[in-house]
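To start, the structure under review is shown below, and the notes come after it.
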Amino acid sequence: TSSPASDNGNDDDPPPETTQPARPAPAVTATFTLRDFEQVWPAIVATIRQDVGPRRHALLREASPVAIENGVVVFEVPAHMHFHLEQLKSDAEIANAIVATGTDQIGQPVRVEFRSAGALPPPSPEDTGHAPDKDDLVKAGDDDHNDPAETVLDILGGEIVSDSGGSVT
């Protein structure tokens, strides 16, 4: 009976082994700062020009490293340069060249992301908020006073004028 128990124990061992290698990968987080990356950025750009050519280099020149978020170097492209941004996002060769050269220069794993300048950062995992239900919303200035005519008069600063017959004009 001890051999089936040991067989079951062996059957139980492989699943933890398969999950354990996946755990260290996220733990390898970059410890370099934006300042560290900015110091090696000119050397990275020079190397990349040789690797990817002048057209791609011209696209890359429009991107600037602006932050390190969860170990990812975030590059921003001016908001009016949609074409450049889309080309940078879709060109794996540029991203791979930055990753390879950046990793060599910094000595740590580098990952990259491109976004438009002025774009909101991605929501954090702690952000679990959602939009409130319509029924929970309170209308601005809602004081049980919903007469449209009075609202228009209040906004426009007008008044209701009636003729001698009592009709409103």
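Any chance you could run the full-extension gain for Asp104 through Ser162? It's 0.36 nm times the residue separation minus the Cα-Cα distance, nm to one decimal. Working shown, then result.
Values: separation 58, 0.36 × 58 = 20.88 nm, distance 8.32 nm.
Value of the extension gain: 12.6 nm.
Amide H to amide H, with H built 1.01 Å from N, Val112 comes under 5 Å of Val73, counting only residues 5 or more places away or on other chains. Classification of the range 35-91 by its C-alpha gyration tensor yields an oblate form. The axis ratio a/c (a ≥ b ≥ c) is 1.5 or more, and b/c is at least a/b.
What full-extension length gain, to one decimal in nm, is calculated for Gln50 and Glu150 as 0.36 nm per residue of separation minus the Cα-Cα distance? Display every interim value, and only then the final one.
Details: separation 100, 0.36 × 100 = 36.00 nm, distance 7.01 nm.
Result for the pair: 29.0 nm of gain on full extension.
Toward the positive end of the charge dipole of the range 27-121, with +1 on the Cβ of Lys and Arg and -1 on the Cβ of Asp and Glu, the farthest Cα among Val99, Asn70, Met81 is that of Met81. Net charge in the neighbourhood of Ile68 (other residues with Cβ under 14 Å of its Cβ; Lys, Arg +1, Asp, Glu -1) is -2.
Here, each number is a calculation from the coordinates, and none is a lab measurement. The structure displayed is predicted, hence computed values, not measured ones. Heads up, the Cβs are rebuilt from the backbone with ideal geometry, glycines too, and the neighbour counts pull from every protein chain shown.
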